[in-house]
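Q: Before I ask anything, let me first share the structure, which is written out below as structure tokens.
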Amino acid sequence: MPEQSVYINPLCTRYASREMQEIFSNDMKFRTWRRLWIALAESEMELGLPITPAQIEEMRQHIEDIDYEKAAEYEHKFRHDVMAHVHTYGDACPSAKGIIHLGATSCYVGDNTDVIVMRKGLLRVRELLLSAIEAIAAFAAQHKGLASLAYTHFQAAQPTTIGKRATLWLQDFMSDLAQVEFQLSNLKLLGCKGTTGTGASFMELFGGDTEKVKELERRIARKMDFDACVCVSGQTYSRKMDFNVLSALCGIAQSATKFSNDIRLMSHLKEFDEPFESGQIGSSAMAYKRNPMRSERIASLSRYVMTDVLNPAITASAQWFERTLDDSANKRISVPEAFLATDAVLSLVINVISGGTVYPNVIRKHLLEELPFMATENILMYCVKQGGDRQMLHEAIRRHSVDTAKQIKLHGGDNDLLDRIAADPAFGLTRAQIDGILEEGGFTGMAEMQTETFLRDEVRPLLDKYQNIGRIKVEINI
């Protein structure tokens, strides 16, 4: 049970998964620092510096046994987190103490670890995105032909199908996946370029041998499972890297908000219900309510991610010359929290679309309430083909439509437009003939075919491409 007398981040206690929390944990951070120190020392040894295999092995033996209390004591003394951990690691590795962090500056471990951790976070996000895409695709396939009233401006428009509506969500999330992949493919380590990015300290260590200095970075990159380091830098990698990564998360938040808004509107129409546990309470006052609280949470957390992207944007713009330190405190908060919130958002998307309930009868009821208005064009064309006067019939439809709308709005009456048309001798139609026109109407256009084509030609190949990447089974605790 966490301590209750101090602030605890609700992203950790309520929303984000254990897996994403572990990626941004102290253990992940400081163990990665130690792996980077080993990669540096081992590469320096391989390139001829007086470092022994025994020293490297001693360092390897102490990657995980981090004495956090000692590190805290050192940091209180030095006011410097990297030097605190250099000394803590050195105390655990007495024979290697003198060569730990040799030639490096703090950003060697700090920035390289940030890149490594962001990559791990993006890989987790990719798994969640694929799981969300797969779940929405299944939903779209299931409801590809379920005719529904469509809306523009949240006013009744031409019908669509529920499956077709879901393809719009899919298309957005697939675009987000492409952005995540782009960021993954472009991530590079900072490398080991020293205090101002010139590599001067390593030039000194290697006696001016530029090839060894360049090879040192190549070896470190390989040992940390990266293809390359950035070509140039100041003391830090460009903070635009953080902005680019969080921009991909921001895109996911946009897509998730659009999805959650649609779900909330459908919930209001009683066409869809979120998963609702047997003991769940919708309102502390109104016992009958089933609020779409998970979709509301998606919107709430997504809003945080969309505004959080301003942090790396401003940070990137505010760097002075080769570096300042006004990035540090900000990025310690803004980057992890963007990932934690995105993790929670995508988990909720998967949960809502996988466990929600669609109500076809309500959907059909709403469609039929508006369909008479939409059918008038078909009726008009049918009558013109039978020899009717197009302008005269158009005016009759306009008059009947206005009267019907007034009846509905002023008196709460039913939509009797089709009965009015059937009773008007100008049309020469029976109600049975009108019903036949409706049956043949094709009011959803190509919606079902578009859904099938999109799922077959775009979604299925995408999911097949990633078939070796595991899908995530989410659990929502609150």
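The values are calculated or read from the model by the stated rules, or taken from the named source; none is laboratory data. What you see is a predicted model; the values in this text were computed from it and never measured. Cβ sites come from the backbone with ideal geometry, for glycine too, and all protein chains shown count toward neighbours.
Q: Which numbered condition in (1) free of Cβ contacts under 8 Å to residues at least 40 places away in the same chain; (2) under 36 Å from the mean Cα position of the chain (by Cα); (3) assigned to a loop (DSSP other than H, G, I, E, B) is the only one that Pro94 fails?
A: Pro94 satisfies all of (1) free of Cβ contacts under 8 Å to residues at least 40 places away in the same chain; (2) under 36 Å from the mean Cα position of the chain (by Cα); (3) assigned to a loop (DSSP other than H, G, I, E, B) except (2).
Q: Still on this structure: Quick check on region 442-451: of everything there that is in contact (Cβ under 8 Å) with a residue 40 or more places away in the chain and either β-branched (Val, Ile, Thr) or surrounded by fewer than 16 Cβ atoms within 10 Å (Cβ to Cβ) (or both), which residue is nearest to Ala166 (Cα to Cα)?
A: Step by step, filter region 442-451, then rank; the result is Thr451.
Q: Still on this structure, I have one more. Kindly list the number of the only condition in (1) crowded, with 20+ Cβ neighbours inside 10 Å; (2) in contact with a strand residue (DSSP E or B) (Cβ under 8 Å, 6 or more places away or on another chain) that fails for Gly145.
A: Unmet condition: (1).
Q: Provide a single number: the residues in region 413-441 that are in a helix (DSSP H, G or I) and surrounded by 12 or more Cβ atoms within 10 Å (Cβ to Cβ).
A: So the count comes out to 14.
Q: Let me ask something else about it. Is there a residue being part of a helix (DSSP H, G or I) and of a type outside the set (D, E, K, R) anywhere in region 191-199?
A: No; the residues of region 191-199 include none that is part of a helix (DSSP H, G or I) and of a type outside the set (D, E, K, R).
Q: Another question, then. Which of the residues that make up region 357-374 are crowded, with 16+ Cβ neighbours inside 10 Å and over 20 Å from Lys409 (Cα atoms)?
A: Within region 357-374, Val358, Ile363, Arg364 qualify.
Q: Quick check: anything in region 218-226 farther than 30 Å from Arg35 by Cβ and either in contact with a Lys or Arg (Cβ under 7 Å, 6 or more places away or on another chain) or modelled with pLDDT of 95 or more (or both)?
A: Among the residues of region 218-226, not one is farther than 30 Å from Arg35 by Cβ and either in contact with a Lys or Arg (Cβ under 7 Å, 6 or more places away or on another chain) or modelled with pLDDT of 95 or more (or both), which makes the answer no.
Q: Report whether or not Phe154 is in contact with a helix residue (DSSP H, G or I) (Cβ under 8 Å, 6 or more places away or on another chain), more than 16 Å from Thr451 (Cβ to Cβ), modelled with pLDDT under 95 and surrounded by fewer than 16 Cβ atoms within 10 Å (Cβ to Cβ).
A: Yes: the conditions hold for Phe154.
Q: Still on this model: Taking region 1-34 as the search range and keeping residues that are among the basic types (Lys, Arg) and buried (at least 19 other Cβ atoms within 10 Å of the Cβ), which one is farthest from Arg124 (Cα to Cα)?
A: Once the filter is applied, the top-ranked residue is Arg34.
Q: Among all residue pairs at least 6 apart or on different chains, which show Cβ distances below 7 Å where the first residue, located in region 166-184, is within 11 Å of Gly251 (Cα to Cα) and the second is at pLDDT below 95?
A: none
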